[in-house]
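The values are calculated or read from the model by the stated rules, or taken from the named source; none is laboratory data. Keep in mind the model is a prediction, meaning the values are calculated, not measured. As a convention, Cβ positions derive from the backbone with ideal geometry for all residues, glycine included, and neighbour counts pool all protein chains shown. Heavy atoms of the whole protein, side chains included, go into the accessibility calculation; ligands, DNA and RNA do not. Shrake-Rupley method; radii C 1.70, N 1.55, O 1.52, S 1.80 Å.
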Amino acid sequence: MSTNKDNFNVADLSTALNAEDRADLVNALKNKLQDLAGKHSDVLESLTPVVRKRVDALREIQTQHDDLEAKFFEERAILEAKYQKLYQPLYTKRYEIVNGEVEVEGSEPAKDVEEKGVPDFWLIAMKNNEVLAEEISERDEGALKFLRDIKWSRVDNPKGFKLEFYFDTNTFFKNSVLTKTYHMIDEDEPILEKAIGTEIEWYPGKSLTQKILKKKPKKGSKNAKPITKTEQCESFFNFFSPPQVPEEDDDIDEDAAEELQNLMEQDYDIGSTIRDKIIPHAVSWFTGEAAQDEYGDIEEDDDEEDEDDEEDDEDDEEEDDDEDDEEDDEEESKNRKKSSAVRKKGGVRAPAGDGPQGERPPECKQQ
């Protein structure tokens, strides 16, 4: 672990995250900020009096800006809370249609068809998002077909948010609701303290996060029973078992701390994607329109880059052709000089053609 107080690196952040409670963690961060403040004071002391006065004026402007920003965050939270309440009736209507609890006028199915609602709504919506599609395996799809709704809500003490996944009765696990809660140090400038997920109660042999490998015993072994080994495997449902920070500082080195930090950032990215994109715009993700809006511009940029690459390749080919032509002209000029020298020495005259004497006809030059 780094002991240099001037360097606030990933390992230091991990050390702060190892604190047992939020108060200790905030104090650790404050200490780091004080160290940085001391470093910045050295910069100020190195300034001339005239420049220092100008910087003081700039700092006053910055303070006014920060005060306004604090009010913005405060008012934004109030505004978001107001609109969350206004969204709820719409989410309820969406839930009822998706799960076939109400029928849309003119969409009554034929008597011999039992199809209700919109099958695989949430599964398709999530798979159309690149971040989530990478997490969903083929094995997961069977269980995610039973997903009825996803909700999110703010939590206090400590600040953060909670995701709730509502499932219909299924053959994979007993839980009807799976939750994932993110505890933040600062909601406006998110510093993740920890994430907590539901422990999934898998039915025997149905776990999607583990696979059982059976190995035949060696010939001549007294134990005739096959050897079973449980192995972790990739699954969306690993999302409910987030990475945990060791309780003791000695349990983790810098490389492990950096890897842990990356895992935590990836985990938060998945959670915030579900909260900010999938839940509010689920219909657009289901139809693919949201994906087109989000990734269409990227594809267009890629196409433009491909076109530019093709043009560059063409330019390179033209330059190569020009260089080849120049080399051919130089070779031809040398040959003409050689021919002229031969003629001067009484050598054989070049056969006459349609072109100038001693040259091949133009249409034969490239043969």
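Numbers at a glance
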read-out	value
Mean Cβ neighbour count within 10 Å, used as a protection proxy, ranking 239-246, 61-68 highest first	239-246, 61-68
Inter-label distance, nm, simple model (7 Å from Cα along the C-beta direction), residue 156/residue 56	4.1 nm
5 angstrom amide H check on residue 148, placed H, neighbours 5+ away	166, 167, 168
Order of exposure, largest accessible area first, which applies to 50, 131 with probe 1.4 Å	50, 131
Förster radius 30 Å - calculated FRET efficiency between residue 83 and residue 206 (Cβ-Cβ, nearest 0.05)	0.15
Interchain or long-range residues, amide H under 5 Å from residue 100's placed H	117, 118
